Each structure stands twice: as structure tokens, then as C-alpha cells.
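As C-alpha cells, the structure follows; a few thoughts come after it.
The values are calculated or read from the model by the stated rules, or taken from the named source; none is laboratory data. Because the structure is a prediction, the values reported are computed rather than measured. Backbone-built Cβ (ideal geometry, glycine too); neighbour counts: all protein chains shown.
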Amino acid sequence: VLCWFYIFPVYRLPRDKDIVEEVLRQGDAWQKNQTGIDLYRKLLTDCCDPRRMFAVTKENSPMGKVLWYDGEFYHSRTVTNDTYPLFVQDNPLQLPLKRCAVVGNSGILRHSQCGHDIDQADFIMRCNLPPLSKEYVEDVGTRSHLVTANPSIIEKRFQNLLWSRKAFVDSMKAYGSSYIYMPAFSMKPGTEPSLRAYYALADASSNLTMLFANPDFLATVGKFWKARGVHARRLSTGLFLVSLALGLCEEVTAYGFWPFSVGLDERPVSHHYYDNILPYKWFHAMPEEFVQLWHLHKSGTLRMRLGHCP
Ligand code: CDP
């Protein structure tokens, strides 16, 4: 059977309706493919060395090292004694991670009842400090181990942490003792808020551990996907996490990746499970990314959960 991968070259994206039909045709059928898993782990290790490079560490970023911002041209920051002491010694994760859940923020999670499924995973990654309040628990679960935080959230939600830090520290309690993964060296204006977030947590003796995303890792992962047809100015947070998971975990299940406006029941889907604020249009290429993820799903390399969880 010809599916839309073969009918449409990846640069001409299928319509939402075609995608819905394709996903429905596939149904719940999924078979793990260990060869595919091993291959992707090797490809990602060769290009991007996630084990060693995903975070800025004292090992990979010693004093005097120049960190080049990956989201901007020609900006760099040299590691000196104002930043070096903030870095973890080395990759703190107990590897290999076994069953990982990567949770995107799509509205497809709403009423999915996937919370229990997600919470069963050994290592749970979430994007952009998502709400885990009571009303969402059944759909997205409660546990997390690594949560990304974009500096823009610090600015928008927490007055850039220039005033009170209490609201920030309190709201971070939802993430237990997770790693907070911040791209502190992606865009120059993001560095200061990230350092403030580090100190806000440290000063409050928080259980959370701050990890700064390594800009070299973000850049190499970006190139990896560019070579595979993702033409975004910048990858979405979710695809970075899936890439990290494919490099570090034995099994990956992805939830909440659905950048389309209709669901499998042909009813409207909001952009996020908690709101319908759309992203800046040309910044990410989420539908292009979805095509890649769906391809990995069909080949048994990772599993995508799109409908209801059993
Ligand atoms: O900051 P960003 O726009 O990348 O992310 P977000 O809106 O907080 O959502 C987290 C991730 O979920 C995104 O990076 C996407 O990978 C994924 N997502 C999706 O696949 N479909 C949506 N409708 C929304 C998010």
C-alpha cells in the first residue's frame, strides 16, 4: 500500500486529513525493532555524543572553554569562575535509561487518559515546565525526571526573576527532584535568566538539579535532523528530547506530539493540552518533525501514542 511518505516527498507536507487517515490506517499496530533502535543510537552517538555532551559539564566545558551560542551567530561566552562552579561534574544520569517517556505538549493529550501509562516509565521527560495540576493528571501523569525550561518562560511567567523568586521556587515543586534542563547558552539574552533560575533553586535548597543544555549538542542534533529533511530555523524542544532519549534509552515512547488542528476523531485539537496559544509560525517546523517521528514509529524505533491510552 502506498502511504503518504511515498506519495509526497517530505518537503511537500501532507494535509492534516491525510495524516489522520494514515494514522488511523496504522491503528494500534506497533512492533519494536531492536535493529532500528540500535542503529539510531549509533547514528546519534556518532553525530552528537549525547552521553558526554547533552549538558554543559565541568568535564566537557573546563575553565577557559569558549561556548558558542547555537541559536545566534558569532556570540560566545568563555567559561570563567562565574559560570564554571554552576556546572555538574559529569553526566549525572544513570545510564542506560530503560523505558523512557517523552511527553510533548500537544492538545491531543487532553482526555487521552495516558497519565497512568506515562507514569509507568522509568524516566520521564517533559517540555517547557508544563502544568501538572490536578485537572491534567489523568491525561499527562504526575512524575517527571527531566523537564526543559526555556529562558523565555522565566521572563514571561516569573518577571525574569528580578523580583520575588518564591512563585518560581513554589511552582517548580511540581517536578519533584527532576533535572531542569535549560538552554542557557543558546541565545545571549537567555543566559542571565538561566543563571538566576539556577541561583533561585540553589538558594532555596531545592531538590531539583539544574543542567544547562550544551550548545554544541543542540547544534549537532540540529544538523542531524537538517540532513534528514527538517528545515526549521530551530528544532522544537520535543524533537531535541526525543533525540536525547533515542541516544540514552533502551525504549522510547512519545506522547503529546501532534501539531495538527484536527484529531483522529476529526474534531478540533488545541495546540497545547492546557491552552491554544500557537507558536510563531516559521520558527519551528513541527509537522515536518512529525513526519520524521511517524517514520520512526512505523519502523519500530520508537513508539508514538496518539489516541486514547488503554
Ligand atoms: O517551545 P516549543 O514550541 O518547542 O514547545 P511546546 O509548545 O511547549 O511543546 C513541547 C513540544 O511538544 C514541542 O517542542 C513539540 O515537539 C511538541 N508539540 C507537538 O508535537 N504538537 C503540538 N501541537 C504542540 C507541541
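Cys249 falls short on exactly one of the conditions (1) over 29 Å from Thr78 (Cα atoms); (2) loosely packed, with under 15 Cβ neighbours inside 10 Å, and that condition is (2). Within the range 118-155, the set of residues being within 13 Å of the ligand (Cβ to nearest atom) and of a type in the set (Ser, Thr, Tyr) comprises Thr148, Ser152.
Arg99 passes every criterion in (1) closer than 30 Å to Gln120 by Cβ; (2) in contact with a Lys or Arg (Cβ under 9 Å, 6 or more places away or on another chain) apart from (2).
One residue stands out in the range 272-286 among those that are more than 9 Å from the ligand (Cβ to nearest atom), farther than 13 Å from Gly107 by Cβ and surrounded by fewer than 21 Cβ atoms within 10 Å (Cβ to Cβ): the one that is modelled with the lowest pLDDT, namely Trp282.
Taken together, Ile124, Ile153, Ile118 contain a single residue that is in contact with a Lys or Arg (Cβ under 8 Å, 6 or more places away or on another chain) and free of Cβ contacts under 8 Å to residues at least 40 places away in the same chain, which is Ile124. Scan the range 299-310 and tell me whether some residue there is within 11 Å of the ligand (Cβ to nearest atom) and of a type outside the set (Val, Ile, Thr). Yes. Among all residues of the range 230-243, there is at least one that is more than 22 Å from Val147 (Cβ to Cβ) and touching a residue at least 60 places away in the same chain (Cβ under 8 Å). Annotation: Phe185 fulfils all but one of (1) in a loop (DSSP other than H, G, I, E, B); (2) within 18 Å of the chain's Cα centre (by Cα); (3) within 15 Å of His145 (Cβ to Cβ); the unmet one is (3). Among all residues of the range 75-84, there is none that is of a type in the set (Asp, Glu), under 30 Å from Asp265 (Cα atoms) and either touching a residue at least 24 places away in the same chain (Cβ under 8 Å) or away from the ligand (no atom under 14 Å from the Cβ) (or both).
Filtering the range 222-259 to residues that are of a type in the set (A, V, I, L, M, F, W, C), within 15 Å of the ligand (Cβ to nearest atom) and part of a helix (DSSP H, G or I) leaves Trp225, Leu239, Phe240, Leu241, Val242, Leu244, Ala245, Leu246. Being under 12 Å from Asn214 (Cα atoms) and in contact with a Ser or Thr (Cβ under 8 Å, 6 or more places away or on another chain) holds for only one residue in Tyr40, Tyr69, and it is Tyr69. A residue that is under 21 Å from Leu201 (Cα atoms) and surrounded by 13 or more Cβ atoms within 10 Å (Cβ to Cβ) occurs somewhere in the range 132-140.
Inspection of the range 205-213 finds no residue satisfying the criterion of being surrounded by fewer than 19 Cβ atoms within 10 Å (Cβ to Cβ) and aromatic (Phe, Trp, Tyr). Filter the range 127-145 down to the residues that are in contact (Cβ under 8 Å) with a residue 60 or more places away in the chain and not in a loop (DSSP other than H, G, I, E, B) and list them by number. Answer for the range 127-145, where residues must be in contact (Cβ under 8 Å) with a residue 60 or more places away in the chain and not in a loop (DSSP other than H, G, I, E, B): Tyr136, Asp139, Val140. Within the range 219-241, identify whether any single residue is surrounded by fewer than 18 Cβ atoms within 10 Å (Cβ to Cβ) and among the polar types (S, T, N, Q), and answer yes or no. Within the range 219-241, none of the residues are surrounded by fewer than 18 Cβ atoms within 10 Å (Cβ to Cβ) and among the polar types (S, T, N, Q).
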